[in-house]
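One structure below.
The values are calculated or read from the model by the stated rules, or taken from the named source; none is laboratory data. Just so it is clear, the model here is predicted, and its values are computed rather than measured. Cβ coordinates were reconstructed from backbone atoms using ideal geometry, including for glycine residues, and neighbour counts include every protein chain displayed. Note: areas computed on protein heavy atoms with side chains; ligands, DNA, RNA excluded. Shrake-Rupley method; radii C 1.70, N 1.55, O 1.52, S 1.80 Å.
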Amino acid sequence: MKVSTLLEGLEYICCQGSTEQEVTTVVYDSRKVEEKSLFICIRGAVVDGHKFVPDVIKKGAKTLIVEEEVEAPSDVTVIKVTDTRYAMAFISAAYFGHPAKELKTIGITGTKGKTTTTYMVKSILENAGYKVGLIGTIEAIIGEEHIPAHNTTPESYLVQEYFRKMADAGCDCVVMEVSSQGLMLHRTQGFVFDYGIFTNITPDHIGPNEHADFNEYLYCKSRLFTMCDVGIVNRDDPHWKEMIKDATCEIKTYGTEDADMTATEIEHVNNEGNLCMKFHANGLLNGDIIVGLPGRFNIYNGMCAACTGALLKMPEEVILHALEHVKVRGRVENVPTGRGFSVLIDFAHNGVSTESVLKTLRGYNPHRIIAIFGCGGNRSKLRRYEMGEAVGNLAELAIVTSDNPRTEDVMDIVKDIEVGLAKTNGEYVVIPDRQEAVNYAVDHAEDGDMIILLGKGHEEYQEINGVKYHYSEREAVMNALAR
């Protein structure tokens, strides 16, 4: 390709060289530069790509995309842009042949519910016979390939590479989670989503290297509605009007009243230990819907997915079947026990999400709730206090254990959790080894109990002193049951 082809749609200054320069590869990691590579200088939180210019020129890079002046030989084309991350999204889209044009693209943003709703929409589309790619917190799915995720929304280059692989693999659609960081860092620029979805927003991801405050967090999320053709919005969220005030797309809403799709007659359903939700839909879809996951929040996720399916003109029976049988790894995931008690796995790892999932279980009138949890090391202590207080208030028994202690001592983290527990009358025990904690819960479970494992969710490891050791909540539960 020529540089001029890759720069289409971008404002830039050609500081030296020619835009007719040929390009073999587009690279933003200096270690991957080859002869005639185009190198994009990304200014990261820790490393500034501009510092690697001499190194990439030695390796053969002939085109540089920069934000500031750099020194380069006369045979190297230097292109200056305002924001190299923004430019990378457009360059990557062009480099991979604009694959989004070959796919139906659905982007989902929100503080909670992104992952679950993504899998719900994927399930609906697959039940209708479509081949669906996915990009999200847990993984990227391209055909039979499952790629573990490092970021909820990958760098724009990787997004476009995944899109190209999906299109080449015969995918019709892609459903992806769109994080506030992804929007802030322009990872989903370079194409227009067919559908943009908003689940909800509460204060989160505010702090160093994230968002300065809630207003910035909300603004970043709201940008999705300037990047899609149709927006689907949770009308019950108190910030929904702020989310769409700058929208450039058609807006459809879902909620419990005055929306394009509404839910009424909401019920909790316990089907032999399989916890579900049921509601009656009106509007874009009419009839009773069962969501095969527990909790009022899954009414909203289910409505959102059903609304998307209806707008995509999916058959009603397909939408109903997909939602009733949907399963999401690590999101209020039911582990069959064959006993008189239930075991669930959830990714909740802060006070708000912990309180939400425990209140959800209360809706099923359990004999007792037994919560197994720890907190991540090298993270906010406030999270530990809040989780301890939430569990102490809402569970009959807390089993405090290890999560990902990272470089901290597990018992130091436990002491912080105990600060929150001390504000409650909740009963608790401390068992630092997580497998032993699960064993204890299963050994002491009574008929009608609900055991909830919090914090790990889909993760398949524990991080201790910089090493990731294999650990699976599912395996831990099966080991405990086998005993």
Original post:
Within the set of pairs 6+ apart or on separate chains, which have a first residue in the stretch 184-204 that is over 22 Å from residue 43 (Cα atoms) and open to solvent by 30 Å² or more (accessible area, probe 1.4 Å), a second that is modelled with pLDDT under 95 and charged (D, E, K, R), and C-beta atoms under 7 Å apart?
Top reply: 200/112
Subject >> Which numbered condition residue 248 misses (of (1) buried (at least 19 other Cβ atoms within 10 Å of the Cβ); (2) more than 27 Å from residue 341 (Cα to Cα); (3) touching a helix residue (DSSP H, G or I) at 6+ places or on another chain (Cβ under 6 Å)) >> reply: (1)
**OP:** Name the single residue, out of those in the stretch 50-80 being farther than 18 Å from residue 34 by Cα and open to solvent by 10 Å² or more (accessible area, probe 1.4 Å), that is farthest from the chain's Cα centre (by Cα).
**Re:** 74
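Would you be able to say whether some residue in the stretch 276-286 is in contact with a strand residue (DSSP E or B) (Cβ under 8 Å, 6 or more places away or on another chain), part of a strand (DSSP E or B) and under 14 Å from residue 197 (Cβ atoms)?
No - not one qualifying residue is present in the stretch 276-286.
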Original post:
Among 343, 352, which is the only one that is open to solvent by 50 Å² or more (accessible area, probe 1.4 Å) and either closer than 24 Å to residue 267 by Cα or in contact with a Lys or Arg (Cβ under 9 Å, 6 or more places away or on another chain) (or both)?
Top reply: 352
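Looking only at residues that are assigned to a strand (DSSP E or B) and out of contact with any helix residue (DSSP H, G or I) (no Cβ under 9 Å at 6 or more places or on another chain) in the stretch 251-268, which one is least open to solvent (accessible area, probe 1.4 Å)?
Among residues in the stretch 251-268 that are assigned to a strand (DSSP E or B) and out of contact with any helix residue (DSSP H, G or I) (no Cβ under 9 Å at 6 or more places or on another chain), the one least open to solvent (accessible area, probe 1.4 Å) is 264.
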**OP:** Can you confirm whether the stretch 248-266 contains a residue that is out of contact with any Pro (no Cβ under 8 Å at 6 or more places or on another chain) and in contact (Cβ under 8 Å) with a residue 60 or more places away in the chain?
**Re:** no
Original post:
So which residues in the stretch 93-140 are assigned to a loop (DSSP other than H, G, I, E, B) and open to solvent by less than 30 Å² (accessible area, probe 1.4 Å)?
Top reply: 103, 110, 111, 113, 136, 138
**OP:** Return yes when residue 378 is open to solvent by 60 Å² or more (accessible area, probe 1.4 Å), free of Cβ contacts under 8 Å to residues at least 40 places away in the same chain and under 18 Å from residue 265 (Cβ atoms) and no when it is not.
**Re:** no
**OP:** Those residues that are of a type in the set (Val, Ile, Thr), surrounded by fewer than 21 Cβ atoms within 10 Å (Cβ to Cβ) and not in a loop (DSSP other than H, G, I, E, B), I need them from the stretch 416-441; list them, please.
**Re:** 419, 429, 430
Original post:
Any chance the stretch 158-173 includes a residue that's of a type in the set (Gly, Ala, Ser) and either under 20 Å from residue 110 (Cβ atoms) or part of a loop (DSSP other than H, G, I, E, B) (or both)?
Top reply: yes
Subject >> Selection within the stretch 450-479 - part of a helix (DSSP H, G or I), over 24 Å from the mean Cα position of the chain (by Cα) and closer than 23 Å to residue 360 by Cα >> reply: 477
Subject >> Hits in the stretch 144-156 (condition: closer than 16 Å to residue 28 by Cβ and either hydrophobic (A, V, I, L, M, F, W, C) or surrounded by fewer than 23 Cβ atoms within 10 Å (Cβ to Cβ) (or both)) >> reply: 150, 151, 154, 155
**OP:** Would you mind stating whether residue 170 is of a type outside the set (Val, Ile, Thr) and under 18 Å from the mean Cα position of the chain (by Cα)?
**Re:** no
